[in-house]
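Structure first, commentary second.
The values are calculated or read from the model by the stated rules, or taken from the named source; none is laboratory data. These numbers were taken from a predicted model, which means no experiment stands behind them. Using ideal geometry, Cβ is built from the backbone for each residue, glycine included, and neighbour counts are taken over all protein chains shown.
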Amino acid sequence: MNPSGFPEQVRRAWAIAKKDIRIYYFKGPVLIFGVFMPVFLFLAFFMGSRQLPLSFLISGLIGMTLFFTATAVSPAIFPWEGQAKTLERLASCPITIEAIVFGDMIASLLFGIGITIVTVIIGLALGLSLLHGITLLAAIFLAACCFSAIGMLLAVPPTNVPSNIMMLSSLIKFPLVFISGIFIPLEQMPAWGLVLAVCSPLTYFTDLVRYSFTDTHYFPVLIDTIALAVFTLVFTVITMYLHKRTMPLRM
Amino acid sequence: MTDIIHASDLTKVFGKSIAVDHISFDVQNGEIFGFLGPNGAGKTTTTRMLTGVIPLDFGTATILGYDIRSEPVQAKQGFGVVPETSNAYTDLTAWQNLMLMGELYGLPRARAEQRSSDLLEMVGLLERKDQKVQAYSKGMKQRLILTMALIHEPELLFLDEPTSGLDVQSTQMILSLLRDLNKQGTTIFLTTHNMEEANRLCHRVGIIHGGKMVAIDAPEKLKTAIDRVHKIEVSFDRELLGDALAGLGGVTGVNRTGDKWQITAGNRDAAIRSLVTFSQQNGAAIVTLNTLAPSLDEAFLRLTQEAKP
């Protein structure tokens, strides 16, 4: 066994993911927050924008659900563990920082996918027809990877005070929802709005979800997919690089 | 004996303060090395650098033959760490904590389960293995931490104040376990405030003060090294004249204290030999004979005071 080899580090990252799921995700309040938060945001806009079709809003709801759930817990894991000194235990174990970050990403990815599937089922139950199922599944997987990397990127500042990170996280996450074509169709956005929208990975995911349910899209499906893949890669590389630099500052 | 830990010019700077200032030392295979020092001396910082928790600012540290900077995973695979503060996951049970450690050290599941059962039984926690750690007492948490550090049968064990604040039962259990582990070949790096613990347990101790290493030696040698004049306490089964004792080889002074004589000697070995010969020649049996070396506490205080800037 080569402890620093890639397969062994992936196995250890999976151990981190299982630990995260058990400790941080399988909690009643977390699961309830994961479902209710996007539902209430959706209802608020549903009441206020009755002229938009349900299929449009459900696509936005799926986008929001995945985005909020995949980034809900992961930013606070390092601060929590820094406070409880369990991060120091992990740092003294034969696992690389990249593998720890990857493990945290796997946990948030699985949580995001799980809750989003529930939202998809709700959409289907409300009478929406799924036209491109494989595209939707691929989009959910790719976007979950991307959003979990964003979640870990939000955890980079080396503070062990979770509320600091959660505040920063909200400051970044909420504006992103409003510029990503969830509540205002991209077609109706002003030029400056579109410039902002193309900078948000959530835009491409929402576009793919809309395509899966309504067969309409703003960007070509290939562009949406490539954009999500590029965002995922860039965010993952940056996240791992920055955590490697800031991890010692947490100890 | 081979070096299990080789630290050379180890340095750590926090802002403008030098926490660890170019210290060098080796720990040999199979020994229990005590790392002593007052609060803020740099003990924990040194341990954290050696265990790869924080990076070195200068110098090198080789653990089990691996450079902790360039090959941290290989180095960490071979040692276990018991930190000062319990850091088991309190939302997990003892068993889940051990399974997590087993996975992080790459143990096959069956092996991890077998080791966990054996270790939990050894520290008296097997019956409570399915209880969340948050319900454990401090002593129980510390015993669990020790089992977590031992799950992969490490060659080297780092312990930072392992018995601090524990009850007598837990302290004795941990110390006895450390002795047994050492007998089985585990090298132990023990950071402690407890001089008695270090004195009884360690083959060698290193004393750090103000970030600098002020002494490294066996506890007995450290104790004797701080006093050039040695004291011996002796009593005989009959009265003897003090002047006769004062004239013996190696003896520089004699004092009567109760029914005993306190002998001051420049050369302890020569003085004891003279006393034995004297007792034989005068037909006086020696009832008690004690060498009065300074305690490790005294040696520690003397060495750390001498090192004050």
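General observations
Residues checked against (1) facing chain A (nearest Cβ under 7 Å); (2) of a type in the set (Asp, Glu):
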| residue | (1), (2) |
| --- | --- |
| B:Thr46 | no, no |
| B:Thr51 | yes, no |
| B:Pro55 | yes, no |
| B:Pro72 | no, no |
| B:Ala75 | no, no |
| B:Gly78 | no, no |
| B:Glu84 | no, yes |
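- Region B:30-49, residues that are in contact with a Phe, Trp or Tyr (Cβ under 7 Å, 6 or more places away or on another chain) and either closer than 19 Å to A:Thr96 by Cβ or of a type in the set (A, V, I, L, M, F, W, C) (or both): B:Phe33, B:Phe35, B:Leu36
- Any chance A:Ile21 is closer than 14 Å to A:Gly114 by Cα, within 20 Å of the chain's Cα centre (by Cα), surrounded by fewer than 21 Cβ atoms within 10 Å (Cβ to Cβ) and within 12 Å of chain B (Cβ to nearest Cβ): yes
- Of all the numbered requirements in (1) more than 9 Å from chain B (Cβ to nearest Cβ); (2) closer than 19 Å to B:Tyr89 by Cα, A:Ala84 misses one, and that requirement is (1).
- From the list A:Thr216, A:Thr225, the lone residue that is under 25 Å from A:Leu137 (Cα atoms), more than 14 Å from chain B (Cβ to nearest Cβ) and assigned to a helix (DSSP H, G or I) is A:Thr225.
- If you go through region B:2-43 and keep only what is outside any strand (DSSP E or B) and within 18 Å of B:Leu190 (Cβ to Cβ), you end up with B:Asn29, B:Gly30, B:Glu31, B:Gly37, B:Pro38, B:Asn39, B:Ala41, B:Gly42, B:Lys43.
- Residue among B:Leu107, B:Leu120 that is within 19 Å of B:Ser170 (Cα to Cα), more than 9 Å from chain A (Cβ to nearest Cβ) and either touching a Leu at 6+ places or on another chain (Cβ under 9 Å) or not aromatic (Phe, Trp, Tyr) (or both): B:Leu120
- Flag set for A:Ile77, criterion: closer than 19 Å to A:Leu171 by Cα and within 14 Å of chain B (Cβ to nearest Cβ).
- With respect to being modelled with pLDDT of 90 or more and small (Gly, Ala, Ser), B:Ser235 fits the description.
- Matching residues, region A:167-193, being surrounded by fewer than 16 Cβ atoms within 10 Å (Cβ to Cβ) and part of a helix (DSSP H, G or I): A:Met167, A:Ser170, A:Leu171, A:Ile172, A:Phe174, A:Pro175, A:Phe178, A:Glu187, A:Gln188, A:Ala191, A:Trp192, A:Gly193
- Filtered residue count, region B:86-103, keeping only those that are facing chain A (nearest Cβ under 7 Å), part of a loop (DSSP other than H, G, I, E, B) and within 28 Å of A:Ser4 (Cβ to Cβ): 3
- Scan of region A:232-251 for residues that are over 16 Å from the mean Cα position of the chain (by Cα), more than 14 Å from every other protein chain (Cβ to nearest Cβ) and of a type in the set (S, T, N, Q), ordered by number: none
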